[in-house]
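The values are calculated or read from the model by the stated rules, or taken from the named source; none is laboratory data. Here the structure is a predicted model, which means the values were calculated and not measured. Backbone-built Cβ (ideal geometry, glycine too); neighbour counts: all protein chains shown. To get the accessible areas, we keep the full protein, side chains included, count just its heavy atoms, and leave off ligands, DNA and RNA. Shrake-Rupley method; radii C 1.70, N 1.55, O 1.52, S 1.80 Å.
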Amino acid sequence: MSLVLRGGLLVTQDAQRLVVTADVLVEDGRIAAVGPVDASADQVLDCTGCAVLPGLINAHQHVANTLLRGVADDVPLEEMLERAFSIDARFTRRDVQIGALLGCLEMIRSGTTSFHDLFYWEDEVARAVRESGMRGFLSWNTLDEAFTTQRGTPVKNADQFVAKHKGDPLVTPSVGVQGVYVASEETYLGAREVADRHDVRLHTHLSETRPEVYGHVEKTGMRPVEWLETIGFLGPRLTAAHGVWLTLNEVRTLARHGVSVAHCPVSNMKLASGGVAPVPEMLQEGVAVSLGTDSPISNNGMDLFADMKVAALLHKSSRWDARAMPAQTVLDLATIGGARALGMERELGSIEVGKRADLAIVSMRGAHTTPFYPDKVISHLVYACRGSDVQGTIVGGEVLMADGVVRSLDEEDVIARAQETSRDLYEA
Ligand SMILES: [Zn+2]
């Protein structure tokens, strides 16, 4: 199968951050040529008036929680979790699958091509990933048995999930750990052993709130980063979500161990975590930083365009520095930075020959994106565009959406099923 994207303004995100008007030839799921393409193709998408970007990468998510969108707003994290868990405890496998499908639909609509999920029943999420055609980096969440509603032992469940899905073209399985407040040293090391044995990645929540950090100091005498380093959990396999309450020394510790961070500014602001993740320092120290929406309960959406804008504004505002986190840096977090954070920079995150053809086509013809100048495209993408400007989404050369019409899923059916399922959960 071949595909040509004709006449778009390519925001390549390559090493030179080249922006150029050109065609893209896709063959067998990969980018085969960038430039003038004369070859005829099985499929041609007209991209005039549009920017073509590497598909966005949502580096921290709990996709099935779309079903809980709007049920726990304007309350702090502890209250949100209590409310969420009481509904979540009633989830069936089918609910998780429908919630995940709804999330995939929302992401396809807003130009996200890869997401990094942390949940139980990830095999249901995997089913939704394959049905929708998205790329899922799915981490089976582990925690101490005393705290879980999972049947069986979480670490063993994670082991089985990874063994079952390894080598899948769209699903990359990995091992998650919820966080230091519900996971002992034994759980962390069990998760790490599974990841090492299968050679897959690790994903955890880390230093999200002040109570998490100081609660851990009270319990162990150490801050979470220090403790995870002591027990031997930190390493290049790990992506840590949040990293809000970090000292500069801890940032350096993460950099030294090659740990990547998923920055989730909207979730942190909505839950009033209080601090601001020291992202400029992370970048300065060489930490691979990516961008995540976090759960649809604490965001409440998965439109990374919205989160890019908030990421830029949050750091400027909190530092009284309009030069902090410029648009290019923020776009990097959602593209090549996300790929780097997941250890996928050779395959994803930029438009370069040989990479997987994961692409988003973004219209620049809206009232809110006019006037449009090609040399201002990065700024428009971060400050002016919305997810709804995305006209086309392509994963591995498969066109999941074109001309604003989703092809891989029956959109009306997914929305109707999700609405019905959510009502049953909420009203039960
Ligand atoms: Zn999370």
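Computed in the context of the full set of protein chains, the accessible area of the range 123-182 at 1.4 Å probe radius has 51% of its extent on carbon or sulfur. Placing a label point 7 Å from the Cα of Arg151 along the Cα-to-Cβ direction, the residues of the range 105-122 whose backbone N falls under 19 Å from that point are 119-122. Each Cα pair under 8 Å and six or more residues apart adds its separation to the average, and for the range 245-346 the resulting relative contact order is 28 percent. Taken about its Cα centre, the range 148-203 carries a charge dipole of roughly 200 debye when the Cβ of each Lys and Arg holds +1 and the Cβ of each Asp and Glu holds -1. Helix content alone sets the calculated 222 nm mean residue ellipticity of the chain: runs of n ≥ 4 DSSP H residues at -39500 (n - 2.57) each, divided across all residues, give -11000 deg cm²/dmol.
Under 20 Å from the 7 Å Cα→Cβ point of Ala163, by amide nitrogen: which residues of the range 196-220? Correct set: 196-202.
Here the simple spin-label model places points 7 Å from the Cα toward Cβ, and for Glu131 and Ser379 these points are separated by 4.4 nm. Enumerate by residue number the trypsin sites (Lys or Arg not before Pro) in the range 268-340 meeting two conditions: DSSP loop (anything except H, G, I, E, B), and at most 15 other Cβ atoms within 10 Å of the site's Cβ. Those satisfying the criteria are Arg323. For the range 265-364, the orientation-averaged shadow of the C-alpha convex hull comes to 7.4 nm² (one quarter of the hull surface).
What is the extension gain from Asp196 to Asp28, computed as 0.36 nm multiplied by their sequence separation minus the C-alpha to C-alpha distance, in nm to one decimal?
On the way: separation 168, 0.36 × 168 = 60.48 nm, distance 3.13 nm.
Roughly 57.4 nm would be gained on extension.
Sorted into 10 angstrom bins from 0, the C-alpha pair distances of the range 345-389 split as 26, 40, 29, 5 percent.
Beyond 32 Å, what share of the Cα-Cα pairs of the chain is found? Please give it as a whole percent.
Numbers: 29341 of 91378 pairs.
That tail contains 32 percent of the Cα-Cα pairs.
Using just the Cα positions, wrap the range 325-428 in a convex hull and report its mean projected area in square nanometres, one decimal place. Before the final figure, lay out each step's value.
Details: hull surface 38.3 nm².
Computing the convex hull of the Cα atoms and averaging its projections yields 9.6 nm².
Checking the Cα-Cα distances for Lys164/Lys355; Lys156/Lys309; Lys166/Lys376; Lys156/Lys219; Lys166/Lys355 against a 30 Å cut-off, the pairs over it are Lys156/Lys309; Lys166/Lys376.
Rounded to the nearest 20, the size of the Cβ-charge dipole of the range 1-133 about its Cα centre is 160 debye, with Lys and Arg at +1 and Asp and Glu at -1. Given a Förster radius of 41 Å and the C-beta distance between Ser86 and Glu352 as r, what FRET efficiency does 1/(1 + (r/R0)^6) yield to the nearest 0.05? Approximately 0.30, to the nearest 0.05. Ordering Thr369, Ala312, Ala324 by Cα displacement along the dipole of the range 281-400 toward the positive end leaves Thr369 in first place; charges were set at the Cβ atoms of Lys, Arg (+1) and Asp, Glu (-1).
Taking all protein chains as they are arranged and a probe of 1.4 Å, the heavy atoms of His257 leave approximately 50 Å² accessible to solvent.
Using the average count of surrounding beta-carbon atoms within 10 Å as a protection proxy, the listed peptides 360-367, 43-50, 297-304 rank, highest first, as 297-304, 360-367, 43-50.
Enclosing the Cα atoms of the range 142-299 in their convex hull gives a volume equal to 119 cubic angstrom per residue. Straightening the chain between Gln16 and Thr48 buys 9.2 nm, computed as 0.36 nm per residue apart minus the Cα-Cα spacing. If only the Cβ of Lys and Arg carry +1 and only the Cβ of Asp and Glu carry -1, the dipole of the chain around its Cα centre is close to 600 debye. Using the Cβ-Cβ distance between Tyr181 and Ser40 with R0 = 56 Å, the FRET efficiency computed as 1/(1 + (r/R0)^6) comes to roughly 0.45.
Highest mean first, the peptides 410-418, 33-41, 284-292 sorted by other C-beta atoms within 10 Å per residue fall in the order 284-292, 410-418, 33-41. In loop segments of the range 203-269 as defined by DSSP, there are no GluC sites (Glu not before Pro) with at most 12 further C-beta atoms inside 10 Å of their C-beta.
Between Leu248 and Ala416, the FRET efficiency from the beta-carbon distance, with R0 = 51 Å, is close to 0.55.
How large is the Kirkwood hydrodynamic radius of the range 202-286, in angstrom, based on all distinct alpha carbon pairs?
Working: mean 1/r = 0.0783 Å⁻¹.
About 12.8 Å for the range 202-286.
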